[in-house]
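Colleague: Okay, here's the structure, questions in a sec.
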Amino acid sequence: MSTRFLAIFALILACASVPARAQDAAAPFDADLQRLAEILGGLHYLRGICGSNEGNRWRNEMQALIDAETPSGERRTRMIAGFNRGYNGFQQTYRSCTPAATVAIRRYIEEGSKISRDLTARYAN
């Protein structure tokens, strides 16, 4: 499941990058990108406590998303805040891997995959 998410995520990075917008105005897919950032933050924390040995994999995926989208100003701040919100939300709830944490991981991977598919279908050239 994780490999499928990454494949779709890589596709979105390649396709969702649009030419620079005047004064970095909000894109129609910004809410989806912010949610995806939040999911990546949650996965970064949860996969770490559940012993996945992935290191900074999800943080690196977030960095790749920022690099591909190249947001500046408020858009960049919102994306980073989404990642931090996802990370901190689970950090406050889980101190160790539990069955509920495992379910959250599965659901986040599924939701992230869906967002990636939808964005690709809607905005890919």
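What follows is calculated from the coordinates using simple rules that are stated; it is not laboratory data. Since this is a predicted model, take the numbers as computed values, not measurements. Note: ideal-geometry Cβ built from the backbone for every residue, glycine included; neighbour counts use all protein chains shown.
Colleague: For the pair Glu110/Asn56, report the inter-label distance in nm, with labels modelled 7 Å from Cα in the Cβ direction.
Modeller: Going by the 7 Å Cα→Cβ label model, 3.2 nm.
Colleague: Further question on the same structure: Express in % the proportion of alpha carbon pairs of the range 30-89 at distances exceeding 16 Å.
Modeller: Across the range 30-89, Cα pairs with separations above 16 Å total 36 percent.
Colleague: Follow-up. Where does each of 84-94, 99-109 land if you order them by average Cβ count within 10 Å, highest first?
Modeller: 84-94, 99-109
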